[in-house]
1. Which value in nm describes the separation of the simple spin-label points at residue 268 and residue 401, placed 7 Å from the Cα toward the beta carbon?
2. Fully extended, how many nm does the chain gain between residue 378 and residue 355 (0.36 nm per residue separation, minus their Cα-Cα distance)?
3. Can you pick out the pairs among 141/251; 127/164; 247/294; 140/353; 179/270 whose Cα atoms lie more than 26 Å from each other?
4. Once label points are set 7 Å from the Cα along Cα→Cβ at both residue 331 and residue 208, what is their separation, rounded to one decimal in nm?
5. State the extension gain, in nm to one decimal, for the chain segment bounded by residue 196 and residue 220, taking 0.36 nm per residue of separation less the distance between their alpha-carbons.
6. Does segment 126-234 come out rounded, prolate or oblate by the C-alpha gyration tensor, with a ≥ b ≥ c the root eigenvalues, rounded set by a/c under 1.5 and, if not, prolate when a/b is larger than b/c and oblate if not?
7. Quick one: net charge of residue 192's neighbours, Cβ under 10 Å, K/R +1, D/E -1?
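Derivation of every value follows stated rules applied to the coordinates shown; laboratory data play no part. Keep in mind it's a predicted model, so treat the numbers as computed, not measured. With ideal geometry, Cβ positions are generated from the backbone for all residues, glycine too; neighbour counts draw on all protein chains shown.
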Amino acid sequence: MRRIHIKGDVLCTLILVVLLCILLFAYQNLIPIWRTMCIEHGTSNTRALLGSAKERSHPSQALDVPHYNQKSKLHAQTESMQQNESKYPKTRSKLNKKDLKRKATRTKAPPVPTLPQFDFKDYLRRKDQRQFKMLIDQPKKCTGPNGAPYLLIAIKSMAVDFDKRQVVRHTWGREGVAKNGINIMTVFLLGVPQNVTELPQWDRLLAYESSIFKDILLWDFKDTFFNLTLKETHFLQWVNTSCSKAKFIFKGDADVYVNIENVLEMLEDKQTNEDFFVGDIIVHARPIRRRNSKYYVPEFIYGQGIYPSYAGGGGYVMSGHTALRLHMACKEVELFPIDDVFLGMCLLRIGVKLIHHVGFRTFGIDRPPAAPYLEVFDPCFYRELILVHSLTVPQIWLMWNLLHDPSVRCHISRGSTILPFQWGKEASTKDKIKDIDYAYGLPVFVTH
Ligand SMILES: *[C@@H]1O[C@H](CO)[C@@H](O)[C@H](O)[C@H]1NC(C)=O
Ligand SMILES: *[C@@H]1O[C@H](CO)[C@@H](O)[C@H](O)[C@H]1NC(C)=O
Ligand SMILES: *[C@@H]1O[C@H](CO)[C@@H](O)[C@H](O)[C@H]1NC(C)=O
């Protein structure tokens, strides 16, 4: 009897312990899941605004939901990189506790600080004024001894971002003639800085940069986010007047890494007198109607529920033929404050087929889900891509040098290492002014 008694006690304790464990488990796991389920249900409206899960996201979505973007990616890096899939994972059970907590805090936390309200009514009033004077031009850029460029690289830049221009000039945006006779030219597209106190000498800087590098295009409009559309139209105008013989054009941001070798390879079999437009194509994106978003667009500016397909503004490639047709088309389209969507409207007007290429990572690279802290700054990975967005100046410089270092070997599907890009004998103007580069205090830039 006594023995059984003891066994019973042990059993009771065991059962109690097990019950406690179950309770603890439930508290830690089930309640957050239940909580997120409620939250997710509550935010379904927001999600509708952001577009359905199968659609490609707009940059704003990447900005507005950073936690989803960076942490909760469940799938391995798939080739197609459907950005939104990672943000709205279907299998909730796989989410770890951290993700769930993040989600919970995200929805509880007050919304992003409200941006100063943009005066859209004023925008409508002024939008017929779309011709601005050119303050710095490069009229002879495309008629030099090497003739018109095979590839014209056009980069949106701001006056203060001298360091970004320098790193692009010395890395992937290098001008020159490659061994096979392909010549590349680069221009930077600028407006007048909005905040002059940030860089009081901006005009002297740009004038001097222009005289040295001959790559500055400056127009007399304020360099603001919503004026990027003006940058687009004025650039197309410049192509029409000063560089209409360019065979292909890359246009993009300065904080990207572009694998120019891969761009050239992609263009090898393309006809120059036909329409061609390739990039990270975003389809069925919906206008953002939340006032605190950077990309907020009220209904009286754009009434329709869906934007035309467009290429992510981080970078895209088109033929010169398409650029000239776009110049004509964009003149007929009312100005729209978001430049990449505006270009999508012009493209729709002339019916150009937009080609989506997985090598354009205009949303950057997501970390693998299993190792969120893993560094994806891997030259072997970048070798396969065309464009990666959001790199810092030192990252761009380092990546370019790693990719052009013959001792860095990759065991990749192509079987062999890709030979570093070789420049021909003809020195570009920059090689001649190497001394001046050093005078700038930038001796770190290695000329290969
Ligand atoms: C302009 O830039 C200066 C220096 O960075 C800064 O202190 C100031 O707040 C800025 N002004 C505006 C209106 O952004
Ligand atoms: C665009 O630039 C023009 C000319 O400088 C300026 O009047 C206007 O306010 C700017 N628009 C935006 C949206 O910043
Ligand atoms: C430039 O644009 C004008 C119209 O603005 C057009 O007549 C002309 O043909 C264009 N030039 C080229 C080279 O396409």
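1. 3.0 nm
2. Values: separation 23, 0.36 × 23 = 8.28 nm, distance 2.65 nm.
The residue 378-residue 355 span can extend by a further 5.6 nm.
3. Numbers: 141/251 17 Å; 127/164 30 Å; 247/294 35 Å; 140/353 32 Å; 179/270 19 Å.
Going by Cα-Cα distance, 127/164; 247/294; 140/353 fall outside the 26 Å limit.
4. A separation of 3.9 nm, rounded to one decimal place.
5. Numbers: separation 24, 0.36 × 24 = 8.64 nm, distance 1.39 nm.
Additional length available on full extension: 7.3 nm.
6. Values: a/c = 2.10, a/b = 1.55, b/c = 1.35.
Judged from the Cα gyration tensor, segment 126-234 comes out prolate (a/c at least 1.5, a/b above b/c).
7. It works out to a net charge of -2.
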